[in-house]
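> Okay, here's the structure, questions in a sec.
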Amino acid sequence: MEQLEKELRYKIVKILNILVWGCITLDVAFFVGFYLTDTLGTTVPRYVLKYLCLPFCVNMATYLVTKHINKSTKITHDTKNLACSLGLCTLGGSMGIFHSYYTPLWCIPCLTLFFCTVFHSKKIHQIMLAYNYILVVMATLYSCLSYPSRIDFHIQTCVVVLGITFLSNLVALELEKYQFKVGRLTKTSMENEEKYRKRLETDLLTGVHSREYMQEIFNNTFGISDSSSPVGIAMLDLDDFKKINDKYGHDNGDVVLKKLGSLLNEYSSEYFHAGRFGGEEFVVIFHGEPQSEYSEILNSIRQTFSEINFDFMDEHVTFSAGIIACNSSISYETAFHLADQALYKSKNEGKNRITVMTLS
């Protein structure tokens, strides 16, 4: 959210810069037009000071202060948001005050109140409402002093603009509440989506990837494998796991499964993906590393796991594995079938070992 607000403030500062030079250009054009038609209504020096220099100085000061505040690293994000809101409002207010243009005063309060709803700050909203009231009153007083013969019109206009500003405030508050509810619903939806995604991608018991997600990884790696991008798949199976469940109970059997899952996750990287295939079977997908290291990594895991002590039994638990190293594309079914054959070869040759098969 802070990054989005930062980008928005950067754009506002650029808009302020454009408005400053746009206003002075418009003011100069009016001056030239009035001068040529002899309708200035006052002396040239007085007109230049009142309608050119003074508003330009206010507008430029507003732009520079807003820009400085947004560049500062010592000022909070809320203060920067407030500065941008006040900056936009000040430029609109200066047009109404110095030129007695009531059109901006009809629009600027509404626009700025609606605008500051994007910052979702009640404090900023209250300050902007008060500031808009002040600008409207200042413009009215200035107009009354400049054109005393039309005081009734200026007061009537002031009342109307204040009323519109008040109504705009109510609408803006409701809009902010609506935005807040939509944002909360969106956040909740995204959180639920992320939670469900993780549940689909992760085996809840062991913490490794689910079988379905491993198939997705397989399709993204084995489908593009070649000699320059070797891949490998390993099937792991806990040795005599049924005896552990029968003798020590399924809860303790789950402890063993969780421990192996935790150990496999310690090796997890962009080149090593581990998942649970089902029951006491696990699958590992390698890619991007030399194939000679596949068996070394798995042997390291096997050795570490075989040395783990479990509180509920005296003997150690081991696993057997079969690895298929590939240098060409291979189907999902074929790869798992061959890895399963290598696994059973390890089982038949005494368990607690790894069998490696290489496919060219």
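The values are calculated or read from the model by the stated rules, or taken from the named source; none is laboratory data. Everything numeric in this text was worked out from a predicted model, so none of it was measured. We place every Cβ from the backbone using ideal geometry, glycine too, and count neighbours over all the protein chains shown. The protein model used for the area step is the full one, side chains on, heavy atoms only, and it has no ligands, DNA or RNA in it. Shrake-Rupley method; radii C 1.70, N 1.55, O 1.52, S 1.80 Å.
> Roughly how much of R150 is accessible, in Å² to the nearest 10, using a 1.4 Å probe?
Looks like 120 Å² after rounding.
> Could you give the size of the charge dipole of the chain about its Cα centre, using +1 on the Cβ of each K and R and -1 on the Cβ of each D and E, expressed in debye and rounded to the nearest 20?
That gives the chain a dipole magnitude of about 2300 debye.
> Right, here's the next one. Once every Cα of segment 140-284 carries one equal point scatterer and solvent is ignored, give the base-10 log of I(q)/I(0) from the Debye formula at q = 0.11, 0.15, 0.19 Å⁻¹, two decimals.
-0.65, -0.90, -1.10
> Related question: What are the semi-axes of the equivalent ellipsoid for segment 129-189, taken as the square roots of 5 times the Cα gyration tensor eigenvalues, largest first, in whole Å?
38, 10, 5
> Separate question: Which lysines, if any, have their Cα less than 24 Å from the Cα of K80, not counting same-chain residues under 8 positions apart?
Correct list for K80: K6, K11, K14, K67, K71, K122, K123, K177.
> Looking at segment 236-328, which GluC sites (Glu not before Pro) are DSSP coil and have at most 13 other C-beta atoms within 10 Å of their C-beta?
E270, E307, E315
> Near K347, which lysines are there with a Cα under 18 Å away, not counting those fewer than 8 places off in the same chain?
Cα-Cα hits under 18 Å: K242, K243.
> Give me log10 I(q)/I(0) at q = 0.10 Å⁻¹ for segment 1-139, Debye formula, one equal scatterer per alpha-carbon, no solvent.
Each listed q maps to, in turn, -0.37.
> Per residue, how much space in cubic angstrom lies within the convex hull of the C-alpha atoms of the chain?
215 Å³
> Given the Cα-Cα distance of D311 and N252 and 0.36 nm per residue of separation, how much length would full extension add, in nm?
20.3 nm
> Now a separate question. Rounded to the nearest 20 Debye, what is the dipole magnitude of segment 27-171 about its Cα centre when Lys and Arg each give +1 and Asp and Glu each give -1 at the C-beta?
500 debye
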